[in-house]
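Below: one structure, written as structure tokens.
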Amino acid sequence: MKRSVKIMCYCAGITALTSTLTIACGPYFPWQLLDNRKATLLDLPATDSFSQKVKNLGSVTEEEKKNLFSSDNLNNEYSNQTTCLNTDDAYKKAAILFHNKQWDEAGEAFAILAYDSNPAQQVCAKYTLGRIEAKLGHYEDAVQSFIGTAYLVAHGAPDPLHLGISAYGVAAGVILDQIGTRRIPSLNSKDYSDAGITWSVGPVKEDSLLQLQRAIDLYLKQVKLGEDGDVVSLIVILQGLSDPENENAKLLLDQAVRNPLLRKLLLAYVLTNEYNQVAYSKAHTQNILNAFLKVGLDPKSHFEDMGSLAAFAYQNNDMEKAKDFAEYDWNRNQKALDAWILAKIALRKGQKDKAQEYYHQAIAHFNDDSLRLGSKHRVQGERAVLTLSQGNFVQAMEELWPVRDIYWGDIVYLAENVLTPDELRQFVNIHTQVPKDKKAVCDKGIYDDNYYDVDIIGDDSYAYTLSGRSLALRYILARRLMRERRLQEAVPYFVQPGDANCKDTPQHVKIEQYYIKVTTDMRKSFWATDRAKAAWSAANLLNDYGMELMGTSGYPDENPGHYSYGIGQIMGPKHNPNNEPWSVPVEQVRTGASWPIPNRRFHYRYLAVEDILYATSLIPHQSQAYAAMLCRANGWMQQTSNYSYPDAIYYYPNLDYDQATEQYKYNAQVSDPKFAEAKSRELYNIYLKSGPAVPFAKDFGYDCPEPQFGTIPKLKRDLFWKEVKTSLKFLKGH
């Protein structure tokens with residue numbers, strides 16, 4: 001595509017209005033609505049796609065669709081040519097006249113060649129004739145020559161240089177030059193950029209609006225046929241048309257807002273979020289809004305875009321007009337977009353029940369064409385946020401579940417922090433099941449992906465499918481039940497699709513069952529040493545598989561899965577003042593009660609340390625096992641303290657650094673490596689105070705042997721007899 005554009009510019013002197021836009025993207029997180037509920041419910045996001053809109057507005061014939069910029073034209077026998085095919089002396093002589101700028105003589109020569117019997121030469125001649133006519137000031141003749149070039153190609157003439165589709169854009173440029181002024185940097189200019197391309201409206205004539213629509217129709221043809229770059233050409237036109245400093249533009253804009261096609265373009269232009277926001281200055285958008293407001297609610301006009309106009313007014317904070325336009329359109333057409341806007345207006349007035357009714361109406365009217373798919377998802381998500389704010393937690397989960405692939409971070413928050421374990425289990429039992437897959441491999445090992453928020457099975461990925469989210473929610477429930485110490489209840493929710501194809505017990509089930517066994521033995525075994533050994537085993541399982549067995553997908557553990565640092569922002573009402581008015585007190589109570597103890601990232605490692613301390617309380621402090629277990633626990637804490645955390649700006653890419661740091665305060669608290677460092681020092685001090693001298697003391701925490709529990713019975717006997725002898729000596733002394 002880019003190569004063909006360069007060829008056209010070089011060989012045919014084409015100057016387009018556009019070049020490619022680059023949109024930069026920040027760190028990727030799953031979309032979330034609950035991290036700022038005020039903005040979610042009261043702000044109206046982009047409701048239109050300009051690029052999609054202009055593709056739908058363009059009109060082309062079947063011949064144009066087949067031959068202009070088609071795969072046949074890209075791969076024919078002329079495809080390697082980079083200049084027009086000079087097949088005879090007459091064409092060469094005409095070309096010399098052209099390059100010598102002998103426009104009259106060249107025009108006569110190319111006018112003859114334009115009807116040459118050679119189709120390839122005929123296309124080049126017709127196109128070049130249009131250029132000559134434009135040079136001579138015969139603008140309408142030039143436009144017709146360019147359109148004629150496209151006609152030839154559409155009807156089968158070979159076009160290796162893509163002059164046919166290019167001709168539409170050049171013709172549009174000639175038309176624009178008659179009603180305004182284009183500023184186009186030279187192709188050789190080092191500062192050539194989109195920002196340097198402008199079009200200014202000139203004195204408005206009787207036919208200015210008609211000519212403007214002609215130019216736009218030609219650009220729309222190009223976009224329809226695959227020239228996506230001309231989307232930006234249209235934006236440049238709309239920028240010039242909405243220039244608040246140009247009185248001529250204001251006059252033409254007042255006419256444009258009464259033209260059905262230009263109304264659609266203008267509204268799509270201001271309601272999209274696809275392009276650099278420099279294009280949408282407040283002055284430009286306000287100028288467009290003012291022009292629309294002059295027309296107002298004119299029943300005689302029968303405009304079908306009043307919902308979009310309501311969205312435009314809403315986004316520009318003109319709530320009165322937004323309400324008027326939305327109610328007007330709702331009463332006439334009952335479109336989903338109207339109901340969405342009216343729901344937000346109701347929320348601004350504190351009318352939550354009325355807003356709920358409008359949200360239901362918006363969803364009920366999804367079958368109209370007023371909302372694109374992304375906006376439909378947003379409406380469903382917003383309704384769930386409102387339901388949550390009214391304290392209907394399970395219902396909020398029900399409403400969010402259909403858009404779980406979009407708002408997975410919000411699902412995680414509700415599942416881990418708001419619903420009770422029993423509410424979550426009931427929801428999971430109703431809405432999820434383990435997918436059946438005869439090709440799924442029985443996993444003999446336990447790997448991170450088995451428990452992350454995705455599941456990879458053979459060549460099939462459930463990562464971003466509804467099945468994958470069902471599995472992920474089951475795993476979230478399983479891990480939450482494990483954190484609640486409801487271990488046996490958790491096991492069925494760890495089931496993987498490949499388990500049904502196993503000949504014996506899957507490895508992950510063995511690990512889960514073994515963890516349940518050792519946590520039981522560490523409290524109920526008769527002998528203290530056996531209880532210590534079980535606690536040691538439990539601690540190692542937690543250190544090795546704690547994230548998989550009981551880690552949180554949200555805070556504090558940020559079980560990452562496909563998100564390097566977890567799902568990102570914290571969403572509880574306590575941690576963002578914008579959330580408090582949109583929550584009920586019981587949500588905060590439930591959220592606080594749901595945090596694991598301790599509420600630190602890798603919380604299960606701290607639980608593993610507690611198991612170690614319990615184990616060391618059951619065996620002699622003089623034993624090698626006592627020192628070895630403390631050494632291992634110290635190493636775990638050192639490893640935790642060395643974990644690298646991203647800057648706050650990673651979690652809040654849309655804020656400046658200071659704002660991000662402020663928002664990140666709570667994140668830093670749960671992720672503070674100093675907490676793990678302090679625990680590491682505590683363990684080392686315990687060893688120094690009570691432990692034996694051992695060879696590995698000099699590398700404490702780094703080079704730790706396995707504890708030798710087998711030597712403990714003999715050590716206990718030795719310590720017993722040593723104490724007996726000490727007692728006897730004491731008695732003899734008296």
> What pairs from LYS53/LYS135; LYS517/LYS679; LYS93/LYS224; LYS66/LYS294; LYS679/LYS722; LYS38/LYS436 go past 32 Å between their alpha carbons?
Replying inline: LYS53/LYS135; LYS93/LYS224; LYS66/LYS294; LYS679/LYS722; LYS38/LYS436
> By what distance, in whole Å, do the Cα atoms of region 215-368 stretch along each of the three principal axes, largest value first?
Replying inline: 47, 35, 33
> Ranking TRP401, TRP527, TRP103 by Cβ neighbours within 10 Å, fewest first, what do you get?
Replying inline: TRP527, TRP103, TRP401
> Between ASN578 and HIS155, what FRET efficiency follows from the Cβ-Cβ distance if R0 is 56 Å, with the result rounded to 0.05?
Replying inline: 0.40
>> Which of GLU304, GLU133 has the fewest other C-beta atoms within 10 Å, and how do the rest follow up to the most?
In response: GLU304, GLU133
>> Place a point 7 Å from Cα of ASN392 in the direction of its Cβ. Which residues in region 349-371 have their backbone N less than 16 Å from it?
In response: 351-364
>> Just want the ordering: ILE197, ILE96, from fewest to most Cβ atoms lying within 10 Å of their own Cβ.
In response: ILE96, ILE197
> Beyond 20 Å, what share of the Cα-Cα pairs of region 280-369 remains, rounded to the nearest whole percent?
Replying inline: 34
>> Checking the cross-link filter: which lysines have an alpha carbon closer than 17 Å to that of LYS716, excluding same-chain neighbours under 8 positions apart?
In response: LYS533, LYS725
>> Whole-Hz ³J(HN,Hα) for each residue in region 609-626, computed from phi via Karplus 6.51 cos²θ - 1.76 cosθ + 1.60 with θ = phi - 60°, x for glycine and proline: what do you get?
In response: 5, 4, 5, 5, 5, 5, 4, 5, 6, 9, 10, x, 5, 7, 7, 5, 4, 4
> What length, rounded to one decimal in nm, is gained on full extension from ARG523 through to ASP43, with 0.36 nm per residue of separation minus their alpha-carbon distance?
Replying inline: 167.3 nm
> Quick one: length gained pulling LYS92 to GLN211 fully straight, 0.36 nm per residue minus the C-alpha distance?
Replying inline: 39.3 nm
>> From the phi angles alone, apply the Karplus equation (6.51, -1.76, 1.60; θ = phi - 60°) to region 418-429 and give each ³J(HN,Hα) in whole Hz, x where the residue is Gly or Pro.
In response: 10, 5, 6, x, 6, 5, 5, 5, 5, 5, 4, 5
>> Sort 340-350, 431-441, 251-261 by packing, meaning the average of other beta carbons within 10 Å per residue, with the highest value first.
In response: 340-350, 251-261, 431-441
> Under a straight-distance cross-link criterion of Cα-Cα below 28 Å, which lysines are reachable from LYS439, leaving out those fewer than 8 residues away in the same chain?
Replying inline: LYS503, LYS510
> Using the C-alpha atoms of region 84-175, what convex hull volume per residue, in cubic angstrom, is computed?
Replying inline: 78
> What is the gain in length, in nm to one decimal, between GLN351 and ALA678 on full extension, counting 0.36 nm per residue of separation less the C-alpha to C-alpha distance?
Replying inline: 112.7 nm
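Read the figures in this text as sums done on the coordinates, not as results from a lab. Source: prediction; values computed, not measured. Here the Cβ is made from the backbone with ideal geometry for all residues, glycine too, and neighbour counts use every protein chain on show.
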